[in-house]
Amino acid sequence: MLVLAGCSSGESPGSSAPVASTGPGGTTYPFTMKNCGTDVTIKAAPQRAVTLNQTAAEILIELGVGDRVVGSGYEIYKPPAELAEPYGKIPQLAPRGLSIKHEKLLEAQPEFVYSGFASFLTAETGGERKQLHDLGVPTYVTEFDCTYHAAVKGANFDMLYEEYRDLARIFNVADAGEKLVAEQKAIVEKGVSTVENKDKPLRVLWFYSTYNGTPWAAGPGGLPQHISELVGVKNIFDDAKDKWIETSWDEVAARNPDVIILADLTRGEPNDTAAEKIELLKKDPLTSKLGAVTGDRFITLPGAQMDPSYGTVSIVSPLVEGLNKFR
């Protein structure tokens, strides 16, 4: 605790000076914000941040504070070319595809911890939020995943934009937050503007992965559901309880999607890649008879971007392009 308190004052070695917002948009410290039902007090702009997953690190890079990230974890894909250089400078505090453990997190002497998944802030992983707060380390968890896998009421891109604004306020870079919001809104609007025949909605399966041979698919209360509504398709599991669900091949066949949206993942798990998923679907006695499979009605998207991230808006245009072909 003494070490953590000591590094919170002044600028950490090797870090750059804060990229402060100017004018009325600048942050006044200290302040307390509500995040996932928890009060989080920020006493000063963090100079030593740890991100518990790759997409969280990328968001902070996009906000111009990547040089303040002193550690990250859960790296599962090659970063986008435009982020490769700054991302490559961030120390990885866990082996590829694994979460950061509590002891390793504390070794980095963080002043702030940011996670895109609730499951990375538990006693078994990075430590519980209260535990970190008691040590003087504020945490922020994406509002899309306050409770692991649970559907979020009203989940949409506006929630993602508010997350950018929250982080920009924490780091005192409000101007950068608004700039990122404007850029991402434009990307979404451009993609949605190219939708054709929206009055004839296709039925789609968002096929994410398989565990123990059973499929995991997108349900309601997540960005795949929101994107489905934006581009005029029906998610065949929009009546499920959680935003990601474990279902069965029998249920997939019974709901008979017109199009299958494949998550292309590079974590190294069985059937993670889109090519492996297609092979699986074509070999299975049940799914091989589905019209979407026999007709090769597949759309491949980066799996990591199906969860809330800086890159999520970029899947809208290729999704619409694929759907227009099948419409």
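The values are calculated or read from the model by the stated rules, or taken from the named source; none is laboratory data. Everything quoted here is computed from the prediction, not taken from an experiment. Neighbour counts are summed over all protein chains in view; Cβ atoms, including those assigned to glycine, are modelled from backbone coordinates with ideal geometry. Ligands, DNA and RNA are stripped out before the accessible areas are found, and what is left, the full protein with its side chains, is counted by its heavy atoms. Shrake-Rupley method; radii C 1.70, N 1.55, O 1.52, S 1.80 Å.
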Kindly provide the helix-only [θ] at 222 nm of the chain, computed as the sum of -39,500 (n - 2.57) over DSSP H runs of four or more divided by all residues, to the nearest 500 deg cm²/dmol?
-9000 deg cm²/dmol
If you restrict to DSSP beta bridges whose two residues both lie in the chain, what percentage is antiparallel, to the nearest 5?
40
Env charge @ residue 289, Cβ radius under 13 Å, K,R +1 / D,E -1, value 0
Highest mean first, what order results for 46-59, 226-239 on Cβ atoms within 10 Å?
46-59, 226-239
Applying a 10 Å radius around every beta-carbon, put 248-255, 218-225 in order of their mean neighbour count, most first.
218-225, 248-255
Applying 1/(1 + (r/R0)^6) with R0 = 41 Å to the Cβ-Cβ distance of residue 253 and residue 28, what FRET efficiency is obtained, to the nearest 0.05?
0.10
Convert 20 °C to kelvin, take the viscosity as 1.002 mPa s, use the Kirkwood radius over C-alpha pairs of the stretch 88-163 as Rh, and evaluate the Stokes-Einstein diffusion coefficient in µm²/s, rounded to a whole number.
159
Where is the GNM fluctuation largest for the chain (alpha-carbon springs, 10 angstrom cutoff): 265, 135, 121?
135
Rounded, prolate or oblate: which fits the chain, taking a ≥ b ≥ c as square roots of the Cα gyration tensor eigenvalues, rounded meaning a/c under 1.5, else prolate when a/b beats b/c?
prolate
Loop-resident trypsin sites (Lys or Arg not before Pro) in the stretch 179-223 with no more than 16 other Cβ atoms inside 10 Å, DSSP not H/G/I/E/B, are 198
On a 1.4 Å probe surface of the protein chains, which of 314, 288, 72 comes out largest in accessible area, and what is the full order?
314, 288, 72
Report, in debye and to the nearest 20, how large the dipole of the chain comes out about its Cα centre when Lys and Arg carry +1 and Asp and Glu carry -1 on their Cβ.
280
So what J values fall out for the stretch 180-186 if you push phi through Karplus, 6.51 cos²θ - 1.76 cosθ + 1.60 with θ = phi - 60°, rounded to Hz, Gly and Pro as x?
5, 4, 4, 5, 6, 4, 5
Given +1 on the Cβ of Lys and Arg, -1 on the Cβ of Asp and Glu, and no further charges, what dipole in debye does the stretch 205-322 carry about its Cα centre, rounded to the nearest 20?
140
Mind checking the full-extension length gain between residue 186 and residue 103? Use 0.36 nm per residue of separation minus the Cα-Cα distance, one decimal, nm.
25.7 nm
Estimated D of the stretch 124-213 in µm² per second, where Rh is the Kirkwood radius over Cα pairs and Stokes-Einstein applies at 10 °C, 1.306 mPa s:
94
Whole-Hz couplings from phi, Karplus 6.51/-1.76/1.60, listed for the stretch 60-75; x for Gly and Pro:
5, 4, 5, 7, x, 10, x, 6, 9, 8, 9, x, 8, x, 6, 7
